[in-house]
Amino acid sequence: MEPNSLQWVGSPCGLHGPYIFYKAFQFHLEGKPRILSLGDFFFVRCTPKDPICIAELQLLWEERTSRQLLSSSKLYFLPEDTPQGRNSDHGEDEVIAVSEKVIVKLEDLVKWVHSDFSKWRRGLQAGSVRTEALGRNGQKEALLKYRQSTLNSGLNFKDVLKEKADLGEDEEETNVIVLSYPQYCRYRSMLKRIQDKPSSILTDQFALALGGIAVVSKNPQILYCRDTFDHPTLIENESICDEFAPNLKGRPRKKKPCPQRRDSFSAVKDSNNNSDGKTIAKVKCEARSALTKPKNNHNNCKKVSNEEKPKLAIGEECRADEQAFLVALYKYMKERKTPIERIPYLGFKQSKYACFHF
């Protein structure tokens, strides 16, 4: 590998449209090969005049159309390096994040990386865990598995760790870690609980679950972030290329046909398929109606009038029978000293005592 060349490390971890996403990349810093992977924190300086800040590598991808190697990082600045400055509300281990992520080509990001962080005086000095203590009972593998599941969204970093081991980076070179404020509080409380115990206890699964952080690097510095700010000059930086930001929107879904349209189409189809049957049925109905129609309309009118008269007479007779039955019923109930005080309500229909059976 040439000193100034960039190379992806490990297999791709995702594909989306023209983008191929990766977990790590290799570059040379001061003549030595180094690997940066997703979730790593490292010191950068955006321009020679800017103060040193912390970058968190969050996304790595290659655009197949333009063959550009790109990265997305989150920057953290000390409160005194922000436009508002440090005040009494800021903690001694606090940093403030830039509200917008920065998208930079890998070749420019490598130029930002700063190896001399001796002037960085902020952060909680956490005790590191010795690698000799991790070799027992598979604690090292358990620790790496835990860090992958919590810090790297469960991605498999075995191939990346193997490449780091081949380069002599078996121990983590991360000298700084930025936590959220709740994580930082849990970590400080855990340190208080185990202050008289060896640092190897931080590799215990219960200590990790309660907020402990097992760091293998030398002289690690723990900071936290709980606020953001708008950087005034970062937009003017020529290395930032927001135009290459990945478009992660999916393809639009097919619109389902409207049910009214489907019904109209099916109706048209059925009408076309059944047009012959309808015409045949229509002819048959007309033939039957012609056979049943009487020849004389006057006779028909007379028949209708003659049929309606007995129906009216039958209805009047039924009403008279019901009235006589009700009178007899009231009289009978009164004689047996159980008079009907009110008519029972059986829904919206009018009740007919003639239909009851006692």
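The values are calculated or read from the model by the stated rules, or taken from the named source; none is laboratory data. If you're wondering where the values come from, they're calculated on a predicted model, not measured in any experiment. Methodologically, a virtual Cβ is constructed for each residue, glycine included, from the backbone with ideal geometry; neighbour enumeration extends over all protein chains shown.
The table below gives the values:
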{"read-out": "In region 193-239, the residues that are closer than 19 Å to Asp93 by Cβ, modelled with pLDDT of 85 or more and of a type in the set (Ser, Thr, Tyr)", "value": "Tyr224, Thr228"}
{"read-out": "Residue in region 32-46 that is among the charged types (D, E, K, R) and closer than 21 Å to His231 by Cα present", "value": "yes"}
{"read-out": "All positions within region 14-60 that are assigned to a loop (DSSP other than H, G, I, E, B), over 30 Å from Arg121 (Cα atoms) and out of contact with any Leu (no Cβ under 6 Å at 6 or more places or on another chain)", "value": "Gly17, Pro18"}
{"read-out": "Which numbered condition Ile96 misses (of (1) surrounded by fewer than 20 Cβ atoms within 10 Å (Cβ to Cβ); (2) modelled with pLDDT of 95 or more)", "value": "(1)"}
{"read-out": "Filter pass, Ile96 being of a type outside the set (Lys, Arg), outside any loop (DSSP other than H, G, I, E, B), in the same structural domain as Pro12 (by TED's automatic domain parsing) and under 21 Å from Pro12 (Cβ atoms)", "value": "no"}
{"read-out": "Selection count where residues are more than 23 Å from Ile177 (Cβ to Cβ) and modelled with pLDDT of 90 or more, scope region 19-42", "value": "3"}
{"read-out": "Pair list, Cβ < 7 Å and 6+ apart or interchain, from region 106-132 residues that are more than 25 Å from Lys197 (Cα to Cα) and of a type in the set (A, V, I, L, M, F, W, C) to residues that are at pLDDT 75 or above and surrounded by fewer than 15 Cβ atoms within 10 Å (Cβ to Cβ)", "value": "Val113/Leu29"}
{"read-out": "Tyr187 being exposed (fewer than 14 other Cβ atoms within 10 Å of the Cβ) and at pLDDT 80 or above", "value": "no"}
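Residue-by-condition table, conditions (1) free of Cβ contacts under 8 Å to residues at least 40 places away in the same chain; (2) surrounded by fewer than 18 Cβ atoms within 10 Å (Cβ to Cβ); (3) over 21 Å from Lys101 (Cα atoms):
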residue	(1), (2), (3)
Ser5	yes, yes, yes
Gly10	no, no, yes
Gly17	no, yes, yes
Ile20	no, yes, no
Ala24	no, no, no
Leu29	no, yes, yes
Asp40	no, no, no
Val44	no, no, no
Pro51	yes, yes, no
